[in-house]
1. Output the peptides 129-138, 61-70, 87-96 sorted from most to least packed, where packing is the average of other Cβ atoms within 10 Å over each peptide's residues.
2. Once amide H atoms are placed 1.01 Å from N in the peptide plane, what residues at a sequence separation of 5 or more from Phe149, or on another chain, have their amide H within under 5 Å of its amide H?
3. Skipping prolines and chain starts, which residues have an amide H placed within reach, meaning under 5 Å, of the one on Leu165, given they are 5 or more residues away or on another chain?
4. Rounding to the nearest 10 and keeping the result within 0 to 90°, find how far the Cα-based axis of helix 205-224 lies from the longest principal axis of the chain.
5. From the P(r) of the chain, can you give the percent of Cα pairs sitting at distances over 25 Å?
6. I need to check one value: relative contact order of region 157-200, counting alpha carbon pairs closer than 8 Å and at least 6 residues apart, in percent.
7. Calculated from DSSP H runs of 4 or more alone, at -39500 (n - 2.57) each and per residue, what is the 222 nm mean residue ellipticity of the chain, nearest 500?
8. Which percentage, to the nearest 5, of the DSSP beta bridges contained in the chain is antiparallel?
Amino acid sequence: MPHDGTSSLVHVVQSAGIPLTEVGALVLEDTAGNSGEERRVEPSYRPEAGRTVRIEPVVRPQRVPDGPPRFLLDVHLGTLARRLRLVAGADTAYHNDMDDPALVEQANAERRVLLTQDRGLLMRRQLWMGAYVRGSRPDDQLADVLDRFDLPLAPWTRCTACNGLLADAPKTEVEHLLRPGTRRTYDTFARCRDCGRVYWRGAHGDRLEALVAEAAGTAGEREAGTP
């Protein structure tokens with residue numbers, strides 16, 4: 001990338017259309033060959049003429065300062081939000097009616113990682129932490145998030161509708177909410193502690209089990225160091 005001698009690294013990087021959230025360490029190289037040493041520099045660093053700064057990729061898995069990551073997804077990632085809740089049991093907030101400033105405000109206030117495919121949103125200086133989600137299919141998007149963050153998997157523990165935690169529910173407590181066919185066919189249920197929605201392993205159970213198994217396999221490969 002060309003450099004005018006006055007711009008900071010954050011300006012140079014983002015002028016190429018790359019949010020700062022998508023780069024790792026910024027390393028000042030010893031191009032003059034004086035000491036053979038390299039040192040990390042901050043995004044605010046202004047390189048002098050003739051200096052070279054190496055931009056490294058984000059280290060995966062990426063650590064979140066406040067412990068297990070909590071997420072906030074923008075309007076275009078609703079299916080991914082449901083997958084993260086179902087498969088990983090991740091605390092995942094999602095809204096389909098919030099503008100960019102409101103998303104940044106909530107992400108900062110609740111210390112949530114903002115997931116989006118909007119590069120401009122990730123370039124907002126006020127945002128404390130975000131990540132660009134790769135992939136056009138929900139399965140690929142889920143695999144990317146699981147690969148990027150060290151998520152402890154807790155499937156079947158969170159409501160896909162409202163993000164509340166699920167609790168086992170005796171059939172006698174929920175059967176008045178079920179259709180006759182469901183009452184006859186199933187005996188094991190869970191219920192959301194927040195919205196009261198009832199869950200059971202229904203007709204889509206095999207597909208959901210496959211999603212969970214695939215996510216568990218991805219996590220196992222990551223722990224084993226498989227590329």
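1. The densest-packed peptide leads the list: 87-96, 129-138, 61-70.
2. Sorted by chain and number, the residues that satisfy this are Gln62.
3. Cys159, Arg193, Asp194
4. Helix 205-224 and the main axis of the chain meet at about 40 degrees.
5. Working: 13212 of 25651 pairs.
Tail of the P(r) past 25 Å holds 52 percent of the pairs.
6. In percent, rounded to a whole number, it is 43.
7. -8500 deg cm²/dmol
8. 55
Read-outs: derived from the displayed coordinates by stated rules, not from any lab. Computed from a prediction, not measured in an experiment: that's the story for all the values here. Heads up, the Cβs are rebuilt from the backbone with ideal geometry, glycines too, and the neighbour counts pull from every protein chain shown.
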